[in-house]
Amino acid sequence: MTETYFQKGFNLKAAVGPVLAQSYHSSVVDRLKELGHEARAGDLSLKLALEFGFCYGVDRAVQYAYETRQNFPDRRIFLSGEIIHNPEVNGRIEAMGIRILPEAADPAGRYRDVQQGDVVILPAFGVPVSEMEHLRGKGCLMVDTTCGSVLNVWKNVHKYARDGFTAVIHGKHHHEETKATASQALTHEGGHYLCVRDRAETTVVCDFIRGRLGAGEILRRFAHAVSPGFDPVRDLARVGLANQTTMLMSESLEIQEMLRAAMAERHGEADLPAHFRAMDTICSATQDRQDAVLRMLGEGGLDLMVVIGGYNSSNTQALARICSDRLPTYHIDSASCLEGTAIRHRLTGQHGEVRTAPWLPEGPVRVGLTAGASTPNNVVGDVVTRLLAVRGRTVADLTAA
Ligand code: SF4
């Protein structure tokens with residue numbers, strides 16, 4: 001029987017490795033690492049977080065996309081949405097002739113142009129169960145790059161549903177990963193989910209659990225973030241918490257504690273295990289990047305932070321949030337955001353880009369740098385190069401701090 005589902009790539013790392021290195025490697029980043037992540041050029045000091053940029057899941061997904069092109073040179077190849085939330089990487093994937101399919105109201109709409117024998121790559125975030133089933137029915141070849149850490153969340157959500165617990169997912173209900181995760185709750189009869197984005201939304205859910213709010217208010221507030229047929233009275237009696245893998249760890253822990261306290265008040269401490277479960281499903285790569293930036297901020301001595309990553313990248317947004325609590329922070333998605341003495345950037349918690357000029361203080365300045373899990377090193381290196389250029393310096397001027 002012909003194989004139609006591939007989850008482990010095509011063993012072509014040796015073939016695609018040089019192209020990947022050429023596309024995403026950065027000698028500038030290598031230089032900063034050689035200097036111990038801290039360097040200076042004139043009165044500009046740079047400090048790069050110890051953990052930043054591409055995570056293991058993204059590395060693997062991007063490699064598999066390149067391997068897929070190599071393995072099927074003559075087939076039409078599609079990608080379910082962006083492979084990761086980085087405009088440059090997605091641009092390179094498209095340049096290889098891989099077509100990115102935007103979201104649609106249903107699987108039939110999204111995969112309208114996909115035919116039997118075509119290849120469809122599933123991104124690191126995974127896709128909803130309904131899309132997997134639709135693609136199986138089409139007889140196309142699937143290259144599944146869903147990250148192991150996302151699969152781990154799915155496993156936990158499955159267990160919740162199997163045991164009669166509604167999955168409360170700390171995540172953005174419109175995010176690809178959260179949609180895919182939520183769909184897993186529906187694979188068991190009677191399974192349900194509700195997505196909470198932050199503490200404010202969790203407070204609403206807790207108010208309902210404590211009997212301070214009616215079911216109608218929950219249905220109104222979470223209309224787009226609950227499973228079909230959701231009944232707050234029935235479906236919030238037993239809940240299990242899971243997280244989108246890239247959320248802010250500290251917030252996830254607070255949300256866990258908020259829900260635990262509300263359920264304990266409602267059902268009593270003794271009965272709590274029958275009504276509340278929690279599983280920390282923030283992935284280790286997200287955790288490492290958040291820890292590294294917290295450590296860097298804790299060490300002090302920085303004047304501002306530059307956070308590099310796609311504007312729709314959830315983990316980059318979380319890094320920017322951590323930084324903006326402590327220092328002036330500029331979330332940029334590429335080196336092109338640095339325009340001489342001006343910078344285009346996304347303000348934390350807001351949509352769209354703003355332009356600030358001037359943004360770099362005169363005289364000695366210490367800039368902290370980090371990048372989200374979907375940001376390749378070449379983008380980080382380009383940012384450093386431009387930053388140095390603003391001060392009339394080059395990479396050759398970098399010396400140990
Ligand atoms: S951020 Fe975490 S879950 Fe997402 S692809 Fe990377 S390692 Fe996997």
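The values are calculated or read from the model by the stated rules, or taken from the named source; none is laboratory data. Everything numeric here is computed off the predicted structure, so don't read it as measured data. Reconstructed Cβ throughout: ideal geometry from the backbone, glycine too, with neighbour counts over all protein chains shown. Heads up: the accessible areas ignore ligands, DNA and RNA and are worked out on the full protein's heavy atoms, side chains in. Shrake-Rupley method; radii C 1.70, N 1.55, O 1.52, S 1.80 Å.
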Practice prompt. Rounded to whole Å and sorted largest first, list the principal axis extents of the Cα atoms in region 257-318.
Written response: 49, 27, 18
Practice prompt. Pop a pseudo-label 7 angstrom from the Cα along the beta-carbon direction at both residue 399 and residue 152 and give the gap in nm to one decimal.
Written response: 4.4 nm
Item to complete: Report the Stokes-Einstein translational diffusion coefficient (µm² s⁻¹, integer) for region 51-113, Rh taken as the Kirkwood radius over Cα pairs, at 25 °C with viscosity 0.890 mPa s.
Response: 193 µm²/s
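Per DSSP H run of at least 4 residues, take -39500 (n - 2.57); add these up for the chain, divide by its residues and hand me the 222 nm value, nearest 500 deg cm²/dmol. Don't skip to the answer; put the middle values down first.
Numbers: 15 runs with 166 residues, N = 401.
My calculation for the chain gives -12500 deg cm²/dmol from helical runs alone.
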Item to complete: Please say if region 12-169 is rounded, prolate or oblate, where rounded means a/c under 1.5 for a ≥ b ≥ c the square roots of the C-alpha gyration tensor eigenvalues, and otherwise the choice is prolate for a/b larger than b/c and oblate otherwise?
Response: oblate
Worksheet item: Once the Cα atoms of helix 249-267 and of the chain are each reduced to a long axis, what angle between those two axes, in degrees from 0 to 90 to the nearest 10, is obtained?
Response: 20 degrees
Item to complete: Sum up the lysine pairs in the chain that clear both bars: alpha-carbon distance under 23 Å and a spacing of 8 or more or different chains.
Response: 8
Discussion item. How far apart, in nanometres, would the label points at residue 339 and residue 38 be if each is projected 7 angstrom from Cα along the Cα-to-Cβ direction?
Written reply: 3.5 nm
Worksheet item: To the nearest 10 degrees, how steeply does helix 284-299 sit against the main Cα axis of the chain, on a 0 to 90 scale?
Response: 50 degrees
Fill in: Size-normalised alpha-carbon gyration radius of region 192-258, reference 2.2 N^0.38 Å
1.06
Fill in: Solvent-accessible area per residue, Å², over the chain with all protein chains present [probe radius 1.4 Å]
43 Å²
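Quick one: length gained pulling residue 284 to residue 203 fully straight, 0.36 nm per residue minus the C-alpha distance?
Residue separation times 0.36 nm, minus the Cα-Cα distance, leaves 26.5 nm.
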Worksheet entry | Assigned charges on the beta-carbon of Lys, Arg, Asp, Glu; the chain dipole about Cα centre (debye) | 220 debye
Discussion item. Output the 0 to 90 degree angle, nearest 10, between the alpha-carbon long axis of helix 56-71 and the longest principal axis computed from the alpha carbons of the chain.
Written reply: 90 degrees
Worksheet entry | Gyration tensor verdict on region 296-385 (Cα atoms; rounded if a/c is under 1.5, prolate if a/b is larger than b/c, oblate otherwise) | rounded
Response to the item:
So residue 272 and residue 304, fully extended at 0.36 nm per residue minus their Cα-Cα distance, gain in nm 7.1 nm
Worksheet item: Of the accessible area of the chain, with the probe set at 1.4 angstrom, what percent is carbon plus sulfur?
Response: 50 percent
Worksheet item: Using the beta-carbon distance between residue 265 and residue 223 and R0 = 35 Å, what value does 1/(1 + (r/R0)^6) give for FRET efficiency, to the nearest 0.05?
Response: 0.85
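Over region 105-224, what is the relative contact order in whole percent, taking alpha-carbon pairs under 8 Å and six or more residues apart?
Reported as a whole number, the value is 21 percent.
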Practice prompt. Compare the peptides 261-272, 281-292 by average per-residue count of other Cβ atoms within 10 angstrom and give them in order, highest first.
Written response: 281-292, 261-272
Worksheet item: What is the list of residues in region 6-29 whose amide nitrogen lies under 11 Å from a point 7 angstrom out from the Cα of residue 70, following Cα to Cβ?
Response: 10-21
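When only C-alpha pairs under 8 Å and at least 6 residues apart count, what is the relative contact order of the chain, in percent? Let's see the in-between values first.
Numbers: 750 pairs, mean separation 85.7, N = 401.
Relative contact order of the chain: 21 percent.
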Worksheet item: In nm, what is the difference between 0.36 nm times the number of residues separating residue 215 and residue 103 and their Cα-Cα distance?
Response: 37.2 nm
Worksheet item: If you count, for each residue, the other Cβ atoms within 10 Å and average over each peptide, how do 10-16, 25-31, 370-376 line up from highest to lowest?
Response: 370-376, 25-31, 10-16
Practice prompt. Using the Kirkwood radius over Cα pairs, work out the Stokes-Einstein diffusion coefficient for region 1-60 at 37 °C and 0.692 mPa s, in µm²/s as a whole number.
Written response: 222 µm²/s
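State whether the chain is rounded, prolate or oblate according to the following rule on the C-alpha gyration tensor (a ≥ b ≥ c being the square roots of its eigenvalues): a/c under 1.5 gives rounded; otherwise a/b larger than b/c gives prolate, and the remaining case gives oblate.
oblate
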